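Down below is the structure, laid out as structure tokens.
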Amino acid sequence: MIQAVGRNVPRKDGADKVDGTAGYVDDLTRPGLLHARTIRSTIPCGDIARVRLDFDRAGFTIVDARDIPGRNLVSLIVDDQPCLAVDQVRHAAEPVLLLAHEDRERLIEADVQIDYVPHTPVFDPEASTHVFKSVAIARGVLEEGLRQADLVIEGEYRTGHQEHLYIEPNGMLAVPEQGGGVTVYGSLQCPYYVHKALCVLLNLPADSVRVVQAETGGGFGGKEEYPSIIAGHACLLALKSGRPVKLVYDRTEDMLATTKRHPSIVRHRTGVTRDGRLVAMDIDVLMDGGAYCTLSPVVLSRGCLHATGPYRCDHVRVNGRVVMTNTPPNGAFRGFGAPQTLFAADVHLERIAEALGMDPVRIREINALRPGDTTATGQVLGADAAALDVLRAAVERSDFHRKREAWRGTDKGIGVSLFFHGAGFTGSGEVKLKSQASLELTPTGVRVLASSTEIGQGQRTVHAQIVADALGLPFDVVEVATPDTAVVPDSGPTVASRTTMVVGGLLKRCAEEMRARMGRLTPKAYLKKHGPLVITKAYEPPPGLVWDDDTYRGSAYGTYGWACDVIEVERDPVTSEVRPTRVTTAQEIGKAIFPLGARGQIEGGTAQGLGWALIEEVVMRDGAMANAQLTNYIVPTTLDTPPMDVVIVEKPYAHGPHGAKGVGEMPFDGVAPAVVNAIRSLGIDIRSVPATPERIMEASRS
């Protein structure tokens, strides 16, 4: 039998997507279907004085907060966000009222007017006094480290919003069931998040709520928690009308209303010796959470845990907070928190190298974390720590030093960034999740039962590869069940680079036990002799993994991935537009289970990072996105994406299936600092992204 792991097998979701038979939510329909619309606030904050329905209501189903049978909230980390606003609104585009009708045209034409008593909004996170979450990390004695320093360098670094812009906008189809239950089909990442939220909102027992993932056209974190809101809205209308209801956002509504990447302000004060050693790091992290908490605590947490960059330092203080502003809530987005703080860390290190007159690669070599080193939280790194491996691979492959010297005084620049990313949930997160996965024997092979969702990243394929090899069966006989809360166990959310490492590990254990039970019997023979066989495994933390959520001490992650980007740019001397011309990236991911998919994740995350670094600017006016359309929110196309040389480095993680870590999040993390460092090599001091032509022109004059 040919081994599946490490080979480029056909994707499990490939054929249906190519021939058009894959069923996305807007492809689905039911007899008697109603279409839905959300009526939203038009001011950033204030009291709701009156709602006026200036249309013929015949045939309409209308829902407001009084129709909610359970608790009027979106159940997540903090119970602060209502499903529908009642007396006041805290951000523009906040849901207030729901309408449904079988005729889309009548639905769109329905005139609803809301009268408000406006309040004074807070848009500046530095002026906000409402803190959602604060984090403090300390190692050593900061003042002692500063006394050891020959030089102290300070800097402030800013990052902006970013729109997820998944190919398929958000959407849900809710179907009322006999007995008062409901089934939801949707574009989503986390079926059990939606399931939990619906049980609370609808006051229904778990077995009366069923959540099924429809084919999903991308997520990037934007379909982690937000689908709970859309599912809730669709279900409220479906239960009141007694008819199926479909609620699908158009692109403008999706951009206006849904979550974005948290903007950040990060300040560094760093002590360094003349020979380039970092001896003190004082870091302040401020993030803008928007109007409600959503996932801001985990975004801030990861941001603070990555705030030092992949660098060793004995004396560290990191203080972070995420605050409320009267803008739409921000949420998870690829890297969630790490890109913001890693941007600051690596651009700041570039400035330190410049102040010392030191080669930018050399200062990274001196300070890079190594196996056996201790992080700011007290975690001792394992033998798979690979900062130097990826740094040297990318620098050599890109011919960094020759190009940097040859391009001095020209409009060509080259920059380097070194970065890392914790794989899986932070600290005790995986223990609290208690994730489960199952494997079911079928007459022709096996079926994977997990709530991990396919959102384009290749999850179905990777899980099937792991299972096939562990069972000693052909890849083709491994089926992957649709994530359906009535069928699959809760395997945790499809986020945080955990799907292959954690859930894949559970499935490998299931397959190993199933193989032992089957012996030499074929699946068909075993079922005939012994009857049905389903193996379920639950998450068990690796030995020695200890974490304290209160003190932020211990092992923050089971392991880390490591990466280095070298990015080449060219500046137009007239327009100041900077264009990336080549990317060389070395990424250490433990083991590439599906090499083509891993490479695709690296290339895709890098392209997405180039957008955030250079051109993707969310323009906010009066607390609302002013450029919520693709004519003026610009993202990279294939014409904007330079050639990419991808080097995959494998240093296996002892507790990952076949040594695998995660790959989805990390490729985004290092792009912006490498781009800005390349711009710095042109003599232009940029400390915020996106580095638009306007910002570059202004910096060139200063």
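Return the lysines within reach of residue 133: Cα separation strictly under 28 angstrom, same-chain partners fewer than 8 residues apart disregarded; answer none if there are no such residues.
The reachable lysines, counting only those whose Cα sits under 28 Å from residue 133, are 196, 223, 260, 432, 434.
With contacts defined as alpha carbon pairs under 8 Å and 6 or more residues apart, what's the relative contact order of region 510-642 in percent? Don't skip to the end; give the middle numbers.
Details: 95 pairs, mean separation 19.4, N = 133.
Relative CO of region 510-642 lands at 15 percent.
Using only Cα positions of region 1-60, each an equal point scatterer, no hydration layer, compute I(q)/I(0) via Debye at q = 0.29 Å⁻¹ and quote the log10 values to two decimals.
Result of the Debye calculation: -1.25.
Checking the a/c ratio against 1.5 first, then a/b against b/c, what shape does the Cα gyration tensor give for region 439-596? If you can, show how the numbers build up before the last one.
Values: a/c = 2.73, a/b = 1.83, b/c = 1.49.
Here region 439-596 falls in the prolate category.
Given 92, 379, 628, which one lies farthest toward the positive end of the charge dipole of the chain, if we put +1 on the Cβ of every Lys and Arg and -1 on the Cβ of every Asp and Glu?
It is 379.
Around residue 536, under 15 Å between beta carbons, what's the net of Lys plus Arg minus Asp minus Glu among the other residues?
Details: positive: 434, 447, 508, 509, 517, 537; negative: 440, 490, 512, 513, 540.
Once positives and negatives cancel, what remains is +1.
What does the C-alpha gyration tensor say about the overall shape of region 154-273? Classify as rounded when a/c is under 1.5, otherwise prolate if a/b is larger than b/c, or oblate. Write down the numbers at each step before the final one.
On the way: a/c = 3.32, a/b = 2.36, b/c = 1.41.
It is prolate, given that a/c is not under 1.5 and a/b is the larger ratio.
Need the list of aspartates and glutamates near residue 528 for cross-linking: C-alpha distance under 17 angstrom, and skip anything on the same chain fewer than eight residues off.
440
Mind jotting down the three principal axis lengths of region 269-381 based on Cα atoms? Whole angstrom, largest first.
46, 30, 22
Rank by packing, highest mean first: peptides 316-327, 661-672, 505-516, 425-436, with packing defined as the count of other Cβ atoms within 10 Å averaged across residues. Please report the intermediate quantities before stating the final value.
On the way: 316-327: 23.6, 661-672: 30.2, 505-516: 21.2, 425-436: 18.8.
Ranked by mean Cβ neighbours within 10 Å, highest first: 661-672, 316-327, 505-516, 425-436.
For residue 66 and residue 546 in one chain, what is 0.36 nm times their gap in residues minus the Cα-Cα distance, to one decimal in nm? Don't skip to the answer; put the middle values down first.
Numbers: separation 480, 0.36 × 480 = 172.80 nm, distance 4.57 nm.
Answer, rounded to one decimal: 168.2 nm.
For the chain, compute the orientation-averaged projected area of the C-alpha convex hull (one quarter of its surface), in nm². Don't jump to the answer; show the numbers that get you there.
On the way: hull surface 124.4 nm².
If I average the Cα hull's projected area over directions, I get 31.1 nm².
What distance in nm separates the two pseudo spin-label positions at residue 631 and residue 18, each 7 Å out from Cα along the beta-carbon direction?
Result: 3.7 nm between the two label points.
A short reminder: the numbers here are calculations on the coordinates, not readings from a lab. Computed from a prediction, not measured in an experiment: that's the story for all the values here. Positions of Cβ are backbone-derived with ideal geometry, glycine not excepted, and every protein chain shown enters the neighbour counts.
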